[in-house]
Amino acid sequence: MKIKQIAMAVAATAMMSSAFAVPLSSVSGASEWKLLGYTTEKNTTAGTNESTWGIGRITTMDDAGDPLWTAGENGEYLYYVIYGIADASVTPGGSFGFLINNVGATGGVADGKIHIDLYKSSINLSSFGSNSVTDRTGYGTFAAFAGMELYLSTVLVPGVITGDSSTVLTQDVNAATTPATGVGSFYAEVTGGASATQWDTNTLLAGDADFFGKFSAKPSTDCKTTSAAAIAGTCFEQRIDDPITAASIPEPTSISLLGMALAGMGLALRRRKQA
């Protein structure tokens, strides 16, 4: 088989794969979003009672295991900033040792709500954990996201604890401050952004929410400095993600690419034999 034939088969496969890439604007129906992010109690907004904020990215969207979108498809990436988290109560209990109920921060520029703003970009920020907490440029802004399109604005709403009309984020963790290990959950309502119409479906909490979020928390391995002062001033102490862990495997698009390339090579080989 000639090298040229192999190259043509792989090139054709790459074109087919790109044709199957799904833009974010085409994702519809029920979906589960996988996230990866970091939180910190450092560099909180002065004049508010904000206790925690963080940054992160959306890695995939799927429907019961059926992939709908993966970061990088169609050259699109999603990042988020979560801010305005204030502690309403910290009490002993739960599975990990401490139950923390959170509400929206007040004072200064805070508006009494916990926000999650999502940004869309063509930029792949691969070294996410190397960002510094000092890169926060405002109450809801982060330097690495400057110039990105505001994809969605959301606020957390009550309902995560039945009968509790004030708590909008609940955590069950092993420490009262970051870093901690545990889990958390919340409901969120879409309030704006370029894709607000696409995701403002009001399908949860009897129409009062658009998203249900859950995450696991653990100390960040990216905060590797041994200096306590440096950790306190620059590192994101805690990593958060969805509660699913798995071994790394090739992305579905990579598997499809390999399979179609092999099929193309096989077709070229059969044609050669027939000739």
Task: Ranked list, fewest to most other Cβ atoms within 10 Å of each Cβ, for D210, D63, D241 - done: D63, D241, D210
Open item on the list: In whole Hz and in residue order, list the ³J(HN,Hα) couplings for region 171-181 that follow from phi through the Karplus curve 6.51 cos²θ - 1.76 cosθ + 1.60, θ = phi - 60°; x for Gly and Pro.
Closed with: 9, 10, 9, 9, 8, 7, 10, 6, x, 9, 10
- [ ] Would you mind checking which residues have amide H under 5 Å from T59's amide H? H placed 1.01 Å from N; only 5 or more apart, or other chain.
- [x] K34, L35, L36
Task: Under-5 Å amide H pairs with L169, H placed in peptide plane, nonlocal only - done: N102
Task: Cβ-Cβ FRET estimate between L204 and A143, R0 fixed at 35 Å, reported to 0.05 - done: 0.60
TODO: Be a star and scan region 48-80 for residues whose amide nitrogen sits under 14 Å from the point 7 Å along the Cα-to-Cβ vector of D242.
DONE: 57-71
Task: Among the listed pairs K34/K214; K34/K113; K120/K218; K34/K120, those beyond 21 Å (Cα-Cα) - done: K34/K113; K120/K218
Open item on the list: Report the Cα-based extents of region 39-170 along its three principal axes, largest first, to the nearest Å.
Closed with: 44, 38, 25
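The numbers here are math on the coordinates, done by the rules we state, and not lab data. Predicted, not measured: the structure shown is a model, and the values here were computed from it. Quick reminder, even Gly has a Cβ in these numbers, built from the backbone with ideal geometry, and neighbours come from all protein chains shown.
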